[in-house]
Structure formats: structure tokens, C-alpha cells
Amino acid sequence: MSDSDSEEIEYQYSDDSDSEAEETAAPQEDSGDEGKEENKEDKEKALKTPKSKHTDANPNAPPTGGSRTSQSPHSDFGSPSCTNPDLPRLVPSSSLKSEMQTILSEIIEMLSIPEEAAGALMRSFKWNKEKLIASYFDDPERTLEKAGVLKRVRAIEDRMESAPNTPRTPKRSSPRATTRSTSKICPPAEESKGEGAFLTCKICCDDELTLPEMFSMPCSHNFCTDCWRGFLSNKISEGPACVYSLCPEAGCTEIVSGEEVKSMCPDKMSEWEKYELRSFVDLNKNTRWCPGTDCTMVAITKTGSGEVYCGCGTGFCVKCGEEPHTPVVCKDLSLWLEKCQNESETANWILANTKKCPKCATRIEKNQGCNHMVCQQCKYEFCWICCQPWEDHGANTGGYYKCNKFAADKNSDDQSDAAKAQRELDRYLHYYQRYHAHAQAQKFAKKQLEQTEQRMVQLQDGNTNTSWIDVQFLKTATEQLVECRRLLKYTYTFAYYLDPDDKTGKKERFEHHQEMLEKFTENLSELSEQSLDKMDRTSVVNMTRVVDRFVKNIIKYVEDGMEIDD
């Protein structure tokens with residue numbers, strides 16, 4: 001509102017109040033000019049009085065009932081802070097419609113097309129807005145025809161042009177301004193016929209149908225309403241593919257939209273919208289369903305990548321759907337999993353579920369996560385990974401966990417195909433064996449986590465002065481152990497795809513970070529698996545903090561391009 005407008009309103013308000021005062025004073029001759037003067041003063045005082053209730057308090061304080069800075073609407077679902085919009089966020093499935101509508105509103109406003117056409121176009125381009133806009137402005141006719149909405153858009157444009165005093169591109173007051181009602185279907189090819197003329201349905205061949213008994217899409221292919229209902233009901237019953245259904249006319253490429261479903265099968269509209277939302281998530285590279293059992297949360301990101309942890313306890317990669325696999329990228333993980341699947345028979349033949357004790361040859365089953373094995377028969381201590389004496393894995397031997405590094409046979413000069421294949425198999429088995437060992441240890445740690453609460457109760461009962469908070473360290477340590485096993489598992493996938501002949505020192509420094517994390521993870525595993533009467537709370541807490549530091553170090557090293565630490 002301009003200043004002149006506000007002045008005019010105040011002037012009119014003053015006149016009205018004066019006239020009201022005069023009318024009130026007229027029948028009351030006793031009040032006279034004194035009452036009129038008081039009435040004016042009261043109104044002027046009311047005009048000058050601010051609306052805020054905090055007139056005698058801090059002038060910077062918000063008014064009562066005013067808005068506050070609200071938290072993220074999905075903060076309960078573990079979504080990251082909104083300060084970084086590039087981070088993935090989790091939303092419930094009930095919010096998908098508004099998320100989808102936000103994207104569609106941008107396309108509707110930019111291209112001036114009806115809502116149903118915008119949805120079909122976005123599905124055609126897998127919800128890639130940039131590709132759609134580039135294709136549309138390059139060749140709009142071809143883009144609309146490919147998506148099956150050319151005639152739908154042209155019908156709306158023709159109707160707008162033919163309507164008197166109607167602009168070609170109307171101003172939309174909201175994202176929902178282009179509603180289904182603006183795309184009302186009329187069979188123009190049949191409108192010229194008289195009311196008494198009969199029409200024929202090409203599906204049921206009924207030739208005594210009147211115009212109100214027929215229905216058509218913008219392509220003007222008429223069918224009776226009963227056949228339309230049967231057709232749409234059958235398509236929707238087929239499942240998610242119904243959103244790609246075409247006109248029943250043979251050879252017609254015009255796509256069916258929710259407009260036809262709402263007109264012919266309103267009782268099926270909820271199912272149709274459900275499949276529309278499902279296609280929105282399935283086709284969109286920036287969205288992914290949470291893979292947790294019976295979980296309906298959806299991860300949304302602007303970059304198409306990232307790792308999220310849902311409130312149901314499931315962590316996953318938005319790009320590939322696998323569990324979080326830092327530091328290995330999705331492409332290398334896919335190659336690795338395919339390789340493991342193809343060569344699993346060879347690997348499983350070499351990697352048995354049990355191993356012989358290197359000293360007494362007694363079969364030993366690994367039933368915990370720690371790789372420090374003690375033979376129950378001869379009490380010999382050895383490493384489950386390399387079967388070497390455990391005493392050789394100490395700091396006195398030049399490094400705690402040296403069996404994480406692959407040492408190729410440098411003395412072999414055989415360059416035959418068979419020899420090369422054997423060396424490649426040995427290299428693969430080296431990394432697969434350790435990948436598999438940490439995967440198994442991760443399962444043991446998860447199983448241990450399920451039993452942690454029971455152990456916490458026992459630990460609290462065993463110490464009369466111990467509260468529930470005092471025994472939380474055990475759960476924290478076990479959760480950290482699960483995370484370390486997962487990370488270590490994928491470090492071997494990452495290391496497998498590094499250059500074996502690297503001369504820059506990047507691979508060597510990465511193996512150092514890997515070695516240190518592995519060393520302290522084994523220490524934490526041993527401490528957490530001790531019996532409760534021997535468990536030292538201080539040692540477990542300190543080791544948990546140390547392990548967490550090494551986890552962050554190796555992740556940061558990879559994220560920084562494996563450059564030399566400053």
C-alpha cells in the first residue's frame with residue numbers, strides 16, 4: 001500500500017468517526033461539546049497505540065503469539081540440519097505429494113502447461129528438470145509428443161485462444177492454479193453432430209450411444225463411458241505401470257492422466273495417486289525409499305548422492321541403495337560385488353568356515369568378532385586372517401597389523417597368462433579374505449549389540465552404586481564396533497581398486513590409516529567381549545574415543561584426495 005493510500009484511509013476514517021460523534025451527540029443534548037471532545041481524544045489515542053502487547057518490556061522482544069524459528073519438520077526422522085541444503089534429508093511418505101507438487105509447480109510456471117502434462121513430462125525425463133527444460137526449448141513439439149501430451153497441451157492452448165478476453169498465459173496465483181478442471185475433455189469431432197445422432201464405441205461396438213454417453217481424451221478418440229471405466233480399472237489393477245497407459249485407440253500415443261481417472265473412476269483415484277508418488281521416487285535419481293523393513297521414509301537429496309541413517313535403524317546410500325560404504329564409491333562397489341558373486345565358489349572353497357590350528361591342526365570355529373584366536377586344545381594364539389602367531393602382530397615387529405597389506409611375489413618372472421591369472425587371483429583373495437572377515441565380524445558385532453542391553457542390566461545389578469547412565473558406555477562401544485567393522489570391510493574394497501604400482505605414497509599412507517584403525521578396533525573388540533566381572537569401564541571408554549578418532553582420520557584422508565597430511 002502506498003503512502004498516499006494510507007493517508008486517504010486515515011482521512012476517511014477520521015471523517016467517519018467525526019460524523020459518528022456528531023450523530024451520537026445530536027440526541028444527547030446534555031453531553032454537549034465536552035463529550036464530543038472526549039470521543040475524539042479516545043479515537044486519536046487508539047490510532048496512536050501500537051498493536052504489540054510488549055509496550056512496557058524489552059522493545060526487541062517478540063510479540064505474544066508471534067512466530068519462532070521452527071525446527072526442521074522432519075527433525076524427528078534424523079534429517080540433517082537445513083543449514084546445508086546439499087545433505088540428504090528424510091521425509092515421511094505422507095509428505096511426498098507436496099515434494100512432488102513443488103517440482104511440478106516450477107515446470108508449470110516455466111512452460112505454461114497444464115499440471116497433468118507437467119507430470120507426464122517429468123516422468124518421461126525421470127524427474128530431471130534440467131534435461132526436460134533443455135529438450136523443451138530445443139524442440140517443444142517433439143518433447144511433448146515423446147511424453148504423450150502434445151494434443152493435451154495443444155487442446156488447452158486452442159481453448160484459451162478461442163475464449164474471449166482470455167490471455168494466452170494466465171497468471172497463476174498458486175502452484176495448483178492449473179487444475180484438472182481446466183483440462184475438461186470435450187470431443188470436438190462429435191460436437192458438430194446433432195443431439196439425435198447416434199455414436200459408435202469402437203471397443204464394445206455399441207452403435208446406439210448418445211453424446212453424453214461418450215468420453216474422449218484430448219486426442220478426440222471417443223469410447224463409451226462403460227468401456228472407459230473398464231479400461232482404466234484394468235490398467236490400475238496392473239500396478240505401477242498404469243501411469244504409462246496410452247489411449248485405447250490403436251496407434252495413438254497420447255498418455256492417460258489422472259484427469260481421465262478422476263472423471264471416469266473416482267473410486268480408483270487414490271490408487272492412481274499412490275502409483276504416481278511411487279514413480280516419483282523410483283524414477284528420480286535424487287530420491288530413494290528406505291530399505292528398512294516396513295519403513296515408509298524417503299531420502300531426498302539435491303546432489304543424487306549421500307548416506308543417511310533412518311530412524312528405523314537402517315543406514316543406506318541414496319545413490320545405490322546399499323549400506324553406507326565409505327570410502328569406496330558406488331561404481332567400484334558394484335564391480336566388487338559382481339566380482340565376489342562370480343568368483344564366490346572359488347573363494348568359498350578356499351575360505352572355509354573353519355580353520356585348523358597352525359600348531360595342533362584342531363578345527364576351530366570363529367564365533368566372535370575378534371581376530372585374535374586362542375586354540376582351546378593347545379592354547380596357541382594366532383591371527384585368524386593370516387594364521388601367523390599373534391605375537392608377530394605387536395608393535396615390536398614393525399607394525400601391529402601388517403597382514404592387511406598385500407605383498408606380491410616379486411621373485412616370479414613368469415609372464416605367462418596362467419601365472420598372471422594366478423597372481424591376480426592371489427591378490428583378489430587377499431582383499432576378499434579380509435573383506436569377508438570383517439563382514440562376519442560385523443555380523444557378530446550386531447548380534448552382540450542386540451544382547452548389550454541385557455549385559456548393561458547385569459552390569460548395573462552387579463554394582464549397587466551404578467546408575468543406568470554409567471553403563472551406557474557398553475552400548476556406545478558396541479555401536480562403534482559395528483561402525484568400525486563396516487568401514488574396515490569397505491576399506492579393502494577401496495584398496496583393491498587402488499593402483500598396485502602406486503609410487504606417490506598414497507596407497508602406503510592409506511594402508512597406514514587402515515592398519516591403525518584395524519589395530520585399535522581389535523583392541524576395542526577384545527575389551528567389549530570380556531566378561532562383566534573383568535570389564536574395565538575406563539579402558540572401554542578411552543578405547544572407544546580413540547577408535548572414533550581413527551575412523552574420522554581415514555574418512556578425512558580419502559575425502560581430501562589422499563594428499564599428505566599437513
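The values are calculated or read from the model by the stated rules, or taken from the named source; none is laboratory data. These figures come from a predicted structure and were not determined experimentally. Backbone-built Cβ (ideal geometry, glycine too); neighbour counts: all protein chains shown.
Within region 307-351, can you find the residues that are over 15 Å from Y492 (Cα atoms), aromatic (F, W, Y) and at pLDDT 90 or above?
Scanning region 307-351 gives Y309, F316.
Given the structure, is D470 assigned by TED's automatic domain parsing to the domain that holds H393 and modelled with pLDDT under 90?
Working: assigned by TED's automatic domain parsing to the domain that holds H393: yes; modelled with pLDDT under 90: yes.
So D470 passes the test.
Determine which single condition R549 fails, assuming it passes every other condition in (1) under 33 Å from the mean Cα position of the chain (by Cα); (2) surrounded by 15 or more Cβ atoms within 10 Å (Cβ to Cβ); (3) of a type in the set (D, E, K, R).
So R549 meets the others, but not (2).
Within region 372-382, how many residues are out of contact with any strand residue (DSSP E or B) (no Cβ under 7 Å at 6 or more places or on another chain) and either at positive phi or modelled with pLDDT of 85 or more (or both)?
Count: 2.
Restricting attention to region 229-254, which residues are in contact with an Asp or Glu (Cβ under 9 Å, 6 or more places away or on another chain) and touching a residue at least 60 places away in the same chain (Cβ under 8 Å)?
Hits for region 229-254 are V243, L246, T253.
Residue by residue, here is whether (1) out of contact with any Cys (no Cβ under 8 Å at 6 or more places or on another chain); (2) over 29 Å from W336 (Cα atoms); (3) surrounded by fewer than 15 Cβ atoms within 10 Å (Cβ to Cβ) holds:
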{"site": "T476", "(1), (2), (3)": "yes, yes, no"}
{"site": "T493", "(1), (2), (3)": "yes, no, no"}
{"site": "L498", "(1), (2), (3)": "yes, no, yes"}
{"site": "M516", "(1), (2), (3)": "yes, no, no"}
{"site": "L524", "(1), (2), (3)": "no, no, no"}
{"site": "M543", "(1), (2), (3)": "yes, yes, no"}
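Among what's in region 402-445 and is polar (S, T, N, Q) and at pLDDT 85 or above, pick the residue that is nearest to the chain's Cα centre (by Cα). Explain how you work it out, then say what you get.
Residues of region 402-445 polar (S, T, N, Q): 404, 411-412, 415-416, 422, 433, 440, 442.
So of that shortlist, the ones also at pLDDT 85 or above come out as 433, 440, 442.
Values: Q433: 32, Q440: 28, Q442: 25 Å.
By that ranking, first place goes to Q442.
Here's a check for you: in region 275-298, which residue that is of a type in the set (F, W, Y) and closer than 12 Å to S93 by Cα is surrounded by the most Cβ atoms within 10 Å (Cβ to Cβ)? Walk me through how you get there before you give the answer.
At the first step, the residues of region 275-298 found to be of a type in the set (F, W, Y) are 275, 280, 289.
Going one step further and asking which of them are closer than 12 Å to S93 by Cα, we end up with 280, 289.
Values: F280: 22, W289: 16.
Ranking the candidates gives F280 first.
Of all residues in region 259-296 being part of a loop (DSSP other than H, G, I, E, B) and of a type in the set (A, V, I, L, M, F, W, C), which is nearest to G239 (Cα to Cα)?
Start the filter on region 259-296 by keeping residues that are part of a loop (DSSP other than H, G, I, E, B), which leaves 265, 284-286, 290-296.
Then keep just the ones that are of a type in the set (A, V, I, L, M, F, W, C); that gives 265, 290, 295.
On the way: C265: 16, C290: 21, C295: 20 Å.
Taking the candidates together, the pick is C265.
Pairs only if they're at least six apart or on different chains, beta carbon under 8 angstrom, first in region 533-553 and small (G, A, S), second in a helix (DSSP H, G or I); list them, first residue then second.
S539/L527
D332 passes all but one of (1) crowded, with 19+ Cβ neighbours inside 10 Å; (2) in contact (Cβ under 8 Å) with a residue 60 or more places away in the chain; which number fails?
Looking at each condition in turn, D332 falls short on (1).
Against the conditions (1) touching a Gly at 6+ places or on another chain (Cβ under 9 Å); (2) polar (S, T, N, Q); (3) outside any helix (DSSP H, G or I), where does N465 fall short? Just the number, please.
Evaluating N465 over (1) touching a Gly at 6+ places or on another chain (Cβ under 9 Å); (2) polar (S, T, N, Q); (3) outside any helix (DSSP H, G or I) leaves (1) as the failure.
Determine, yes or no, whether L488 is assigned to a helix (DSSP H, G or I), buried (at least 20 other Cβ atoms within 10 Å of the Cβ) and more than 35 Å from the chain's Cα centre (by Cα). Show your work before the answer.
Details: assigned to a helix (DSSP H, G or I): yes; buried (at least 20 other Cβ atoms within 10 Å of the Cβ): yes; more than 35 Å from the chain's Cα centre (by Cα): no.
Criteria not met by L488.
Can you tell me which residues in region 464-504 are aromatic (F, W, Y) and more than 20 Å from R545 (Cβ to Cβ)? Give the steps one after another, and end with the answer.
In the first step, residues of region 464-504 are kept if they are aromatic (F, W, Y); the result is 468, 473, 490, 492, 494, 496-497.
Within region 464-504, W468, Y490, Y492, F494, Y496, Y497 meet the criteria.
One line per residue, one yes/no per condition, for (1) outside any helix (DSSP H, G or I); (2) basic (K, R); (3) at pLDDT 75 or above:
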site	(1), (2), (3)
I133	no, no, yes
R142	no, yes, yes
K151	no, yes, yes
I156	no, no, yes
E161	no, no, no
S173	yes, no, no
E195	yes, no, no
